[in-house]
Amino acid sequence: MNSLEMKNRTKKFSLDILELLEILPNSKTFKLIENQLVRAALSVGANYRVVSRAKSSNDFINKLKIVEEECDECTFFLEILLEKSVNHKELIQKLLSEANEILAIIVASIKSARNNKS
């Protein structure tokens, strides 16, 4: 998958999370989770965009590590939602699968960049 495809994929992931958050219950618990999830999800897309602007291979890896951490955080909050939510489990599971796929791609990219650096 090329850089443009990943930019589009991470942006779509962010947008899909926003759509999910629109339909979740308006309780205190869900609001707390939503606040954390929206920050992490938007950060996945936003930080992946800056990866292509890396000034060195170390900078490239560091920027990818930020995306990795934010994406991993998304998986945590989606797992919590999956357990707490009565409705929308199929959509949450779909987003969790996408987060895990993006995370795997990012981790593979980090490993590849480290190997190419050596």
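The values are calculated or read from the model by the stated rules, or taken from the named source; none is laboratory data. Computed from a prediction, not measured in an experiment: that's the story for all the values here. When we count neighbours, we look across all protein chains shown, and the Cβ atoms used for this are built from the backbone with ideal geometry, even at glycine. Each accessible area value is taken on the protein alone, full model and side chains, heavy atoms only, with ligands, DNA and RNA left out. Shrake-Rupley method; radii C 1.70, N 1.55, O 1.52, S 1.80 Å.
Okay, here's what the table says:
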| read-out | value |
| --- | --- |
| Relative contact order (%) - the chain, alpha-carbon pairs under 8 angstrom, separation at least six | 28 percent |
| Cα-Cα P(r), region 61-118, percent of pairs per 5 Å interval | 4, 20, 24, 18, 12, 9, 7, 3, 2, 0 |
| Using distinct alpha-carbon pairs, which all enter the 1/r mean, Kirkwood radius of the chain in Å | 14.6 Å |
| Accessible area per residue, Å², region 1-73 with all protein chains present, probe 1.4 Å | 60 Å² |
| Theoretical gain in end-to-end length, residue 31 to residue 58 [0.36 nm per residue, Cα-Cα removed] | 6.0 nm |
| Shape of region 10-56, Cα gyration tensor, a/c cut at 1.5 | oblate |
| Residues in region 58-77 that a label on residue 113 would reach, taking backbone N under 18 Å of a point 7 Å out along Cα→Cβ | 58-73 |
| Which of 97, 61, 21, positive extreme of dipole for the chain (C-beta unit charges) | 61 |
| 15 Å reach of a label modelled at residue 101, 7 Å along Cα-to-Cβ, counting backbone N of region 20-52 | none |
| Percent carbon-and-sulfur accessible area, the chain, ignoring ligands, DNA and RNA, probe 1.4 Å | 51 percent |
| Listed residue (50, 87, 71) projecting farthest to the positive dipole end of the chain, Cβ model | 50 |
| Separation in nanometres of the label points that stand 7 Å from Cα toward Cβ, at residue 19 and residue 94 | 0.7 nm |
